[in-house]
Structures are given as C-alpha cells and as structure tokens.
1. Using the Karplus equation 6.51 cos²θ - 1.76 cosθ + 1.60 (θ = phi - 60°), what ³J(HN,Hα) coupling, rounded to whole Hz, does each residue of segment 61-74 give in order, writing x for Gly and Pro?
2. Give me a comma-separated list of calculated 3J(HN,Hα) values for segment 90-99, in order, Karplus coefficients 6.51, -1.76, 1.60 applied at θ = phi - 60°, integers in Hz, x for any Gly or Pro.
3. What area, in nm² and to one decimal, does the C-alpha convex hull of segment 82-168 cast on average over all directions?
4. Sticking to Cα atoms, compute the Rg of segment 20-168 to one decimal and its Dmax as the biggest Cα-Cα distance, whole number, in Å.
5. If I take every Cα pair under 8 Å that is 6 or more residues apart in the chain, average their sequence separation and divide by the length, what percent do I get for the relative contact order?
6. Could you work out how far apart the two model spin labels at THR54 and THR66 are, taking each label as a point 7 Å from the Cα in the direction of the beta carbon, and quote it in nm?
7. Just to confirm, what accessible area per residue do you get for segment 11-78 at 1.4 Å probe, in whole Å²?
8. Keeping all protein chains in place and using 1.4 angstrom, which order do THR28, THR119, THR18 fall into by accessible surface area, from largest down?
Amino acid sequence: MAEDEIPENDRRTRRRETPEERADRRWTELIQEIRVAQTGVQILLGFLLTVVFTPHFQSLEQTDKTIYIVTVVLGSLATGALIGPVAFHRIVSGRRIKPQAVVWASRLTFLGLILLLATLVSALFLILRVATHDGYVPWLVSGVVAWYLVCWFGLPLWARIRYTNGDGLSSDD
C-alpha cells in the first residue's frame, strides 16, 4: 500500500480526519458561512420592518402593499432558517450527533439562502416598482435573479462538477 493510501478499515478521510473531526470542521465552516448570510438578512429585515411606519407607506397602491407583506414574510422566514442551525446546535449539543446536526444545519442554511434570494428579489421588485412605475422593472429584476442564480448556484455547481473526482470528493474531503 502506498504511503498516501487509506486502508479500507480506517475510518479517516483523505484529510486523515475521523468522522467526528470532519463533523467539527464542517460545522465550523458552516457557521462561518451562516454569519455572512445572517448579517445580511437581519439588516434587510430590519429595514423592511421600518417601512410600514413611514408616511409614504400609506399612499402605496394595494398591490405594492401586498408585495411588501410578502417580502417581510419571506425575510422573516429566511431569518428563521439562517438562525435555525444555531438553535439546533444548542439543543443537540453534547448528544454526540454532530455529523447529523451538520447535515440538518446545512439543509436549513440552504433553505435560508433560497428564502433570502426570494426576499431580495421581492424587495428589489417592490423598490423598482415604487421608484419607476416602468414596464421594464420585471425585466430588470429577472436579470438580477439570473445574476444571483449564476453566482449562488451556477458557479458553485460548475466548480463542483469540474473539480471533484468521480466519487464527488475533492482532494480535501
């Protein structure tokens, strides 16, 4: 057996880490990712929550008010999903189920990102509708959605396919 090969009965990954060490590393990486998204969604939600108290809000058309309500609900759902992993960890901490907790926290984070995407799109749509009342707003918003999809999902999926081995693992997993 070559020096860099891992015996089949060894529970370590190519990084030479145990499943527990891998779960710890993946948890740390996930929490760092969540911090970035959490901050953005919380600031956005904070701004959204104040809009209803401005004098201009009462003069909005009912359609714009409905878009606003949908945007606030989406922002609240995104916030919940992105804070969820922290609560999940707090509740299951010390129960020796970190690998499973990482999987569920990752799912919540991905859901939170999708909800954040929907919140951003809805907020952009509302702002551009109120600011311009032009027919090009849906086209502009569609272009931004396409950009988000490329940056958030397209490029990562391309890199995942392009740079991972046939087993789905890169050299660092």
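The values are calculated or read from the model by the stated rules, or taken from the named source; none is laboratory data. Predicted, not measured: the structure shown is a model, and the values here were computed from it. Neighbour counts run over all protein chains shown; Cβ positions are idealised from the backbone, glycine included. Quick note on the areas: whole protein, heavy atoms, side chains included, nothing else; ligands and nucleic acids left out. Shrake-Rupley method; radii C 1.70, N 1.55, O 1.52, S 1.80 Å.
1. So the J values, rounded to whole Hz, are 5, 4, 4, 5, 5, 5, 4, 4, 4, 4, 5, 5, 5, 4.
2. Per residue, the Karplus-derived 3J(HN,Hα) values read 4, 6, 9, 4, x, 9, 6, 10, 4, x Hz.
3. 7.8 nm²
4. According to the Cα coordinates of segment 20-168, Rg and Dmax are 18.6, 58 Å.
5. 24 percent
6. Rounded to a tenth, the inter-label distance reads 2.2 nm.
7. Ligands and nucleic acids excluded, the figure is 63 Å² per residue.
8. Details: THR28 80, THR119 0, THR18 35 Å².
Result of the area sort, largest leading: THR28, THR18, THR119.
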